[in-house]
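The values are calculated or read from the model by the stated rules, or taken from the named source; none is laboratory data. No experiment lies behind these values; they were computed from the predicted model shown. Positions of Cβ are backbone-derived with ideal geometry, glycine not excepted, and every protein chain shown enters the neighbour counts. Only protein heavy atoms, including side chains, enter the accessible area calculation; ligands, DNA and RNA are left aside. Shrake-Rupley method; radii C 1.70, N 1.55, O 1.52, S 1.80 Å.
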Amino acid sequence: MLFYSLPEIALMIVLAIALDWVVGDPKWPTHPVILIGRLIKRLEGRFYPARDGTAAREMRMRGVALTVCTVTAVCALMTAAVWAASLIHPWLGFALNVWFVSTTIAVKGLKDAAMQVYRPLKRGDLAEARKYAGYIVGRDTDRLDEGEASRAVIETVAENTTDALVAPLVFALLGAAPLAMLYRAANTLDSMVGYKNERYLHFGWASARFDDILNYIPARL
């Protein structure tokens, strides 16, 4: 069974959130997001040109190919997995959907990262708070005062709530695990190649724009 009623999808999402809250984001070698990252690296090796001086247009087309191949492969594999599980038993397919949706969200991980800064701030250990703030924000944290460290973490949690919770659940509502994982693949692509530097300015353009498109509504929610 690949299609679920709205109450079934709602139950799936509640269970996925609960599972994430209990299990968190384990760094298993077989975790789906880690596997997606490995797929992206392998495909990047295929599509990124070996020669220097490749035209911007060709680099963008290669980046489009990377994006299309990644999200298509991930969505197709996820659809095949839940379909096969559903053939064995509908509840097995449902359970597999719950598990995979839970791997696309990171509520516990986001909360734990913020608490690593909150606890030292609470006991007055600013140096420790700066260290852990540096793990989750893209800025120099060595000179932050207590208020600035707090603001940096709050901003990071607010920004990442879209990627870590709202967007995956929006796509889970639309298409259970296959679409939730498609979103996670797009988001992982953006985090790996969506940079405006010399290597990825054109090659990562498609990945960055596709992630923007998928996040347009969730970010506003």
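For the stretch 134-142, backbone phi angles converted through the Karplus equation (6.51, -1.76, 1.60; θ = phi - 60°) give residue-by-residue couplings of x, 6, 10, 10, x, 8, 6, 10, 5 Hz, Gly and Pro being listed as x. Using θ = phi - 60° in the Karplus curve 6.51 cos²θ - 1.76 cosθ + 1.60, the 3J(HN,Hα) couplings for the stretch 64-78 round to 4, 4, 4, 5, 4, 5, 5, 5, 5, 4, 5, 5, 5, 5, 5 Hz; x is entered for Gly and Pro. For the stretch 89-151, the relative contact order is 23 percent, taking Cα pairs closer than 8 Å that sit 6 or more residues apart in sequence and dividing their mean separation by the residue count. Assuming charge only on the beta carbon of Lys and Arg (+1) and of Asp and Glu (-1), the dipole of the chain about its Cα centre is about 480 debye to the nearest 20. With point charges of +1 on the Cβ of Lys and Arg and -1 on the Cβ of Asp and Glu, referenced to the Cα centre of the chain, which listed residue (75, 43, 24) lies farthest in the positive direction of the dipole? With unit charges placed on the Cβ atoms, the residue in question is 43. Reducing the stretch 118-181 and the stretch 60-87 to their Cα centroids gives an inter-centroid distance of 29 Å. Of the listed values (i) 0.95; (ii) 1.05; (iii) 1.02, identify the label whose number matches Rg/Rh (Cα atoms, Kirkwood Rh) calculated from this model. The value computed from this structure is option (iii). Look at the dipole of the chain built from charges on Cβ: of 187, 127, 170, the Cα furthest out on the positive end belongs to 187. Between the exposed loop cleavage positions of the chain, defined as trypsin sites (Lys or Arg not before Pro) in a non-H, G, I, E, B DSSP state with at most 16 neighbouring beta-carbon atoms within 10 angstrom, the longest gap is 52-122. For residue 111, the aspartates and glutamates whose Cα comes closer than 14 Å to its Cα, not counting residues fewer than 8 places off in the same chain, are 20, 25, 155, 159, 163. With an 8 Å cut-off on Cα pairs and a minimum separation of 6 or more residues, tell me the relative contact order of the stretch 80-219 in percent. Computed over the stretch 80-219, the figure is 21 percent.
Let's test the formula: R0 of 45 Å, r as the Cβ-Cβ distance of residue 199 and residue 115. What FRET efficiency results, to the nearest 0.05?
0.85
Only helical runs count toward this figure. For the chain, summing -39,500 (n - 2.57) over DSSP H runs of n ≥ 4 and dividing by all residues gives -26000 deg cm²/dmol at 222 nm.
In the chain, taking the dipole from charged Cβ atoms about the Cα centre, the farthest positive-side position among 5, 202, 116 is held by 202. Using Cβ point charges alone (K and R +1, D and E -1), the dipole size of the stretch 1-126 about the Cα centre works out to roughly 460 debye.
Only lysines eight or more places from residue 108 in sequence, or on another chain, were considered; those with a Cα closer than 29 Å are 27, 41, 122, 131.
Summarise the accessible area of the chain (1.4 Å probe, protein heavy atoms) by the percent that is carbon and sulfur. Before the final figure, lay out each step's value.
On the way: 7790 of 12310 Å².
Exposed carbon and sulfur together represent 63 percent of the surface.
Shown in residue order for the stretch 33-48 are the 3J(HN,Hα) couplings computed by the Karplus curve 6.51 cos²θ - 1.76 cosθ + 1.60 at θ = phi - 60°: 5, 5, 5, 4, x, 5, 4, 4, 4, 5, 5, 4, x, 6, 8, 6 Hz (x for Gly and Pro). Using Cβ point charges alone (K and R +1, D and E -1), the dipole size of the stretch 146-221 about the Cα centre works out to roughly 300 debye.
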